[in-house]
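Here the structure is laid out as structure tokens; the discussion comes afterwards.
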Amino acid sequence: MLDNPLIILIRTSLLAGLKSRGYEDVNVWQSYQPTQQGTSSEKTLYIHKITNGNHGFAGNQEIYDEQNEVIKRITTEILTPTYQVSSTVVYDENEPFAMTAGDLVYLALSVMQSTEFQNLLLAQDVNIFRAGSIKNITVPSDKSGHEDRPTFDIQITHKNIYTTEVPVVKSVHHRTSRI
């Protein structure tokens with residue numbers, strides 16, 4: 001699966017999980033996109049791809065296609081991209097029970113560890129390898145000072161399958177000659 005369909009699957013599955021828990025006012029954006037500049041003033045979760053690993057060697061299966069007289073090599077790779085989920089929420093001191101960025105990140109982690117989220121991914125032959133712990137990272141704020149940005153990593157597994165054609169030797173002629 002390519003990056004775009006994978007991020008769309010993760011994003012829509014997370015939105016569906018948030019909606020099922022009554023949180024329809026939360027945005028989920030892919031982080032670091034040029035069309036989404038600035039910090040949102042609404043409750044927002046950001047998904048950012050940080051690694052794209054693979055494990056082991058690719059598996060190859062070769063099948064002879066008699067009709068086209070070629071060997072089709074089917075290569076299967078197991079990929080394990082890691083995504084980081086973070087949040088920003090503008091703090092309102094007049095609402096003591098308002099959701100914080102940490103609350104929102106915990107909610108996202110809880111949704112991503114749910115059976116419903118995993119079933120949505122499994123339906124597309126994607127699975128969750130590992131969901132990490134929430135950690136706070138101190139970053140410079142767009143105002144003076146610093147702010148904590150809660151994040152967690154989630155590692156996804158999926159297959160990348162592609163087919164190449166290998167030409168076939170049609171005949172071999174053995175010729176022995178004297179030099």
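The values are calculated or read from the model by the stated rules, or taken from the named source; none is laboratory data. Just so it is clear, the model here is predicted, and its values are computed rather than measured. No Cβ is skipped: glycine too gets one built from the backbone with ideal geometry, and neighbour counts run over all protein chains shown.
Any chance segment 140-152 includes a residue that's acidic (Asp, Glu) and either outside any loop (DSSP other than H, G, I, E, B) or under 25 Å from Leu18 (Cβ atoms) (or both)?
Checked segment 140-152: at least one residue is acidic (Asp, Glu) and either outside any loop (DSSP other than H, G, I, E, B) or under 25 Å from Leu18 (Cβ atoms) (or both).
Could you pull out the residue among Ile63, Ile74 that is modelled with pLDDT of 95 or more and more than 23 Å from Ser133 (Cα to Cα)?
After ruling out the rest, the residue left standing is Ile74.
Determine whether Glu24 is surrounded by fewer than 12 Cβ atoms within 10 Å (Cβ to Cβ) and at pLDDT below 90.
The answer is no for Glu24.
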